[in-house]
Amino acid sequence: MREKNSVVLQITGMTCGSCASRVEKVLLKAPGVHEANVSYAEGTARVSGDQALDPAALSAAVQAAGFQTVVAKRARGVSVSERRSGKILDRNAKQERWGAPLQVAIIGSGGAAMAAALRAAEDGARVTLIERGMIGGTCVNVGCVPSKIMIRAAHIAHLRRQSPFDEGLGASEPTIDRGKLLAQQQARVDELRHAKYEGILEGNTAIAVLHGEAKFQDGRSLIVRLNEGGESEISFNRCLIATGASPAVPPIPRLQETPYWTSTEALASDTIPARLAVIGSSVVAVELAQAFARLGGKVTILARSTLFFREDPAIGEAVTAAFRAEGVEVLEHTQASNVAFADGEFVLTTGNGELRADKLLIATGRAPNTCGLALEAARVAVNPQGAIIVDTRMRTSAPHIYAAGDCTNQPQFVYVAAAAGTRAAINMSGGDAAIDLRAMPAVVFTDPQVATVGYSEAEAHHEGIETDSRTLTLDNVPRALVNFDTRGFIKLVTEAGSGRLIGAQAVAPEAGELIQAAALAIRARMTAQELADQLFPYLTMVEGLKLAAQTFNKDVKQLSCCAG
């Protein structure tokens with residue numbers, strides 16, 4: 001398929017991301033428009049469509065919305081697949097590529113770095129990848145992979161101890177050997193790191209690996225302090241910063257004097273503490289809290305506000321209820337004003353008295369690893385939290401320097417990092433690939449799981465979008481009924497008037513397995529009615545999406561099983 005028309009508008013007057021969303025909305029309503037991508041950071045709108053696409057009409061629509069615009073570029077006959085794959089090279093990139101191969105330096109070796117390195121090498125670049133620690137970054141080594149293994153083991157322990165079928169299946173208290181579970185966990189981590197990172201790097205002659213710590217000398221070179229001793233200077237045509245993030249530690253008095261855990265130490269522990277206190281209220285805090293509780297610990301969570309306070313309130317309420325039913329203590333609106341450690345015991349001072357624990361897990365978010373890079377030498381800008389500011393094409397404030405992953409101001413998910421790394425590499429070679437986060441799914445691996453995509457009602461209202469929504473409790477979903485587990489709900493958020501699906505939130509067993517269907521529906525700009533009209537296999541959890549969509553026009557309690 002080929003675009004018959006594409007227009008680039010230069011827009012002035014946008015002051016935030018919501019302005020860009022408003023411009024995008026008016027452009028999508030203009031005659032002939034198939035796609036519109038508006039960047040607040042760049043001050044541009046890239047619009048594609050058919051023969052009816054009229055630059056004057058587009059400019060008028062933008063001006064009517066309160067912004068000024070000029071047509072920066074108009075092109076014809078460009079393949080959508082060519083543009084998105086980055087096969088169109090700019091003149092400077094061509095000149096560099098026609099001479100010596102493009103020299104690309106990549107700082108880091110995690111998801112973003114590896115994706116970028118492989119794509120850049122595929123496009124003919126010579127890549128130098130610099131890693132100060134273990135190859136593979138956070139996800140495979142101390143994050144996603146080991147945590148999900150531990151969570152799965154804890155889930156199995158929980159089911160052996162208690163399930164909805166205990167009247168017919170004898171339950172028993174499992175014997176838990178954390179040392180053996182840890183060995184199994186680490187063996188799989190080592191296997192995946194070698195298969196997906198070390199082995200691939202060893203077999204790619206276009207990628208050289210340096211083990212050391214990098215910092216910028218200027219906008220075109222790095223100094224690497226090698227782990228084996230000495231220094232190396234690396235010059236580059238393009239550079240990608242993909243240094244990830246580390247656990248953030250709150251400024252609680254005397255905390256730094258104690259042997260507290262972050263997620264790294266918690267996942268590497270070969271014992272289950274009898275009493276574990278967890279400070280935090282989001283993903284890492286709740287996932288590990290439930291896992292340790294199911295493996296035999298007495299767990300208390302201290303939440304400064306409520307669990308998942310940034311999400312739809314119903315999410316935190318549902319997870320809190322599930323945790324309390326399992327014996328996990330959730331202390332809402334509770335902060336530690338002081339932490340002491342003596343005789344192998346933590347003592348946390350709170351507004352409601354003292355809390356004592358054998359171990360303390362700090363899980364209050366992650367901070368970008370940007371200190372020590374000498375970013376100022378390369379004129380790379382960061383936000384107040386130290387995250388590198390990038391646009392939708394992963395470009396920083398410095399020419400020729402890109403950034404991707406958890407060290408940037410983008411969402412901290414490994415699949416976002418990998419997608420950003422690939423697009424950064426495409427753009428380094430002169431392509432034009434952007435990342436679109438409007439339908440980004442997210443999953444929290446508690447039980448029940450939490451899964452979200454698109455707008456919550458509050459987020460939509462903040463952007464000036466009027467909404468209509470429906471919430472379906474799981475006692476209306478046949479799969480949940482036959483599982484004898486109806487904890488949770490599925491909520492759909494639509495744009496009022498059009499009925500177009502713009503968001504979904506679910507708290508349900510295996511919610512992560514259904515959320516991608518909602519993401520695809522949002523991406524396809526489907527209405528709730530169109531989603532309700534689709535065929536879904538009976539007795540699956542994802543069928544709950546269809547039922548939730550049907551509730552906009554029907555009472556699903558009055559429908560027969562699998563009624564279409």
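Listing for the model above:
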{"quantity": "Any hit, the stretch 485-503, residues being more than 20 Å from residue 554 (Cβ to Cβ) and assigned to a helix (DSSP H, G or I)", "calculated": "no"}
{"quantity": "Single unsatisfied condition, residue 436 versus (1) part of a helix (DSSP H, G or I); (2) closer than 30 Å to residue 124 by Cβ", "calculated": "(1)"}
{"quantity": "Within the stretch 177-212, considering residues that are assigned to a helix (DSSP H, G or I) and of a type in the set (S, T, N, Q), the one farthest from the chain's Cα centre (by Cα)", "calculated": "184"}
{"quantity": "Output for the stretch 293-328, where each listed residue is closer than 21 Å to residue 153 by Cα and either assigned by TED's automatic domain parsing to the domain that holds residue 176 or out of contact with any helix residue (DSSP H, G or I) (no Cβ under 6 Å at 6 or more places or on another chain) (or both)", "calculated": "293, 296, 297, 298, 300, 319, 322, 323, 324, 325, 326, 327"}
{"quantity": "Residues (more than 14 Å from residue 493 (Cα to Cα), at pLDDT 95 or above and among the charged types (D, E, K, R)) located in the stretch 531-564", "calculated": "533, 543"}
{"quantity": "Unique residue being surrounded by fewer than 19 Cβ atoms within 10 Å (Cβ to Cβ), under 25 Å from residue 415 (Cα atoms) and at pLDDT 95 or above when the list is 500, 523", "calculated": "523"}
{"quantity": "Residue 242, sole failed condition from (1) more than 16 Å from residue 142 (Cβ to Cβ); (2) in the same structural domain as residue 401 (by TED's automatic domain parsing); (3) more than 23 Å from the chain's Cα centre (by Cα)", "calculated": "(3)"}
{"quantity": "In the stretch 509-532, the residues that are of a type in the set (A, V, I, L, M, F, W, C) and farther than 18 Å from residue 449 by Cβ", "calculated": "520, 521, 522, 524, 526, 528, 531, 532"}
{"quantity": "Boolean, residue 454 is not assigned by TED's automatic domain parsing to the domain that holds residue 225 and not aromatic (Phe, Trp, Tyr)", "calculated": "yes"}
{"quantity": "Condition met for residue 445 (buried (at least 22 other Cβ atoms within 10 Å of the Cβ), of a type in the set (Phe, Trp, Tyr) and touching a helix residue (DSSP H, G or I) at 6+ places or on another chain (Cβ under 7 Å))", "calculated": "no"}
{"quantity": "Residue ID - farthest from the chain's Cα centre (by Cα), chosen from residues in the stretch 18-63 that are at pLDDT below 80 and in a helix (DSSP H, G or I)", "calculated": "19"}
{"quantity": "Subset of the stretch 426-459 [within 17 Å of residue 522 (Cα to Cα) and either touching an Asp or Glu at 6+ places or on another chain (Cβ under 8 Å) or aromatic (Phe, Trp, Tyr) (or both)]", "calculated": "452, 455, 456, 457"}
{"quantity": "Any hit, the stretch 539-558, residues being within 22 Å of the chain's Cα centre (by Cα), within 22 Å of residue 151 (Cβ to Cβ) and free of Cβ contacts under 8 Å to residues at least 40 places away in the same chain", "calculated": "yes"}
{"quantity": "Selected residue (criterion: farthest from residue 106 (Cα to Cα)) from residues of the stretch 212-234 that are in contact with a Gly (Cβ under 7 Å, 6 or more places away or on another chain) and aliphatic (A, V, I, L, M)", "calculated": "226"}
{"quantity": "Residue check for residue 415: surrounded by fewer than 19 Cβ atoms within 10 Å (Cβ to Cβ) and outside any loop (DSSP other than H, G, I, E, B)", "calculated": "yes"}
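The values are calculated or read from the model by the stated rules, or taken from the named source; none is laboratory data. As the structure is a prediction and not an experimental result, all values here were calculated from the model. Note: ideal-geometry Cβ built from the backbone for every residue, glycine included; neighbour counts use all protein chains shown.
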